[in-house]
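One structure is given here, and the rest of the page talks about it.
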Amino acid sequence: MQKVINFLRGSVRLEAEGAFPERFLNLCAQNGVAFWAVEWLETGRVAITVPRRDAKRAQALGERASCQVQRQRTGGIPFFLARFRRRYALLTGLVLSLAAVCVLSQFVLNVEVSGNETVTTAEILTELRRLGVRPGVYGPGIDPAATAQELLLQLDDLSWCAINLKGTVAEVLVRERIEPPEVVDETELGDVVATVPGIVTQVEVLGGEPAVEEGDTVVEGQVLITGNIHMEGAEYSGIDLGWRQVRAQGRVYARTWRTLEAEIPLTAQVKAYTGEEKSLWSMSLLGWRVNFYGNSGISYERYDKISDVWTAHLPGGQEMPLSLTRETVRAYETATAQVDAAAAEKLLRAQLEEDLLAALGETGEAVSMDFAARDQSGMLIVRLQAECREEIGRFVPYEGEQENETQPAEEQGSSG
């Protein structure tokens, strides 16, 4: 600690030469001149280190002791700054550099997000920017706890968030919400019916009784698994216990056939660039944008804008809130052009296949697909006919209130 203090206040290394150099040391001690690092060089010579403020007093005391005192070297911040006394440009640059370090250290230069998987980083950064957390914002002006709570209210897929300010970096830690498993309401009674027509290939009953068998042909809306269960008595007893209603559950797979169509015009409006272009330059510093093109606007009726951004980086790769942007504006006119029919058909086929897989869901698959294309009034129409294997069951609750209790066979029949 003493070394740090000596470095801050400055020190001078003195060398005293005389008949009685020890008298010089005694005078320094008697007059309150601190010294250290005493080194006896040879007879009649001694070297000591004194604080900068006591250097002249020590030299005067040396004359009283009949010693010749000379400065050997100096050290510390005061002597370092003294080099810039007449170099005003360097001194100004040093002061501005120190001021910039002190000021910029209070601003957020980078926002880092971690812990997200399904929620994109761009989505989180966009919401944080709306809440005031962005590169260039004044760090002490951020309320981390309140901002984190507001972020959770805006993004439903997040369950936890913490914002830590570490120097010029705002570290955002998030945890995503885990969706609870779907809970089946056993008190809601109903049947499993067909969503599309097809030929049944497999029946898996988890609740209720099957209403169809493998190989049956079904139509849309037909009951596949019924929630009305017939309660039979003991064998040879001749007793009919009636009916009981439950929630039908299960999976029914079937061969199905789907037909999808998509179309696209064989002519399109394309861009024809005129060759006119303009470059617009701007700079962004701490979130503030400065335009270098003044009030000059864009006179083109139709144009494309291409932006090139150059961002300043620290030696370690960290981005700085300083960027230069060039926006290139290119004028164009529209013209009618023929569409490549082969490329258009390929595009429509891919779109139809994607739509088919989306309709089948995770449990379905396409067994075969046949495409047919035709040109009709300047439109290319592509039809997809596919044979599929998919789960066709859908739960449909009974209308009105249903009581889960056994009914006699006569009542069940009369109510039907």
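The values are calculated or read from the model by the stated rules, or taken from the named source; none is laboratory data. Keep in mind it's a predicted model, so treat the numbers as computed, not measured. Glycine gets a Cβ as well: all are built from the backbone with ideal geometry, and neighbour counts include every protein chain shown.
Some points to look at:
- Residue match in region 23-38 (condition: over 30 Å from Pro140 (Cα atoms), β-branched (Val, Ile, Thr) and surrounded by 17 or more Cβ atoms within 10 Å (Cβ to Cβ)): yes
- Selected residue (only one of Ala122, Ala65, Ala55, Ala99 is surrounded by 14 or more Cβ atoms within 10 Å (Cβ to Cβ) and either in contact with a helix residue (DSSP H, G or I) (Cβ under 8 Å, 6 or more places away or on another chain) or without any contact (Cβ under 8 Å) to a residue 12 or more places away in the chain (or both)): Ala65
- Pair list, Cβ < 7 Å and 6+ apart or interchain, from region 126-137 residues that are on the phi < 0 side of the Ramachandran plot to residues that are in a helix (DSSP H, G or I): Glu127/Leu151; Glu127/Gln154; Leu128/Leu151; Leu131/Thr147; Leu131/Glu150; Leu131/Leu151; Val133/Thr147; Arg134/Leu128
- Test: residue in region 90-112 that is assigned to a strand (DSSP E or B), closer than 27 Å to Lys3 by Cβ and aromatic (Phe, Trp, Tyr): no
- Residue list for region 178-221, restricted to those being in a loop (DSSP other than H, G, I, E, B), within 43 Å of the chain's Cα centre (by Cα) and touching a residue at least 12 places away in the same chain (Cβ under 8 Å): Ile178, Val184, Asp185, Glu186, Thr187, Glu188, Thr195, Val196
- Qualifying residue in region 73-86 (condition: modelled with pLDDT of 85 or more, loosely packed, with under 13 Cβ neighbours inside 10 Å and closer than 26 Å to Gln2 by Cα): yes
- Within region 276-301, the set of residues being loosely packed, with under 12 Cβ neighbours inside 10 Å and basic (Lys, Arg) comprises Arg289 only.
- Test: residue in region 275-282 that is touching a residue at least 40 places away in the same chain (Cβ under 8 Å), small (Gly, Ala, Ser), over 8 Å from Arg330 (Cα atoms) and part of a loop (DSSP other than H, G, I, E, B): no
- 3 or more residues under 30 Å from Val184 (Cα atoms): qualifying strands (runs of 3 or more DSSP E) within region 323-398: 379-391, 393-397
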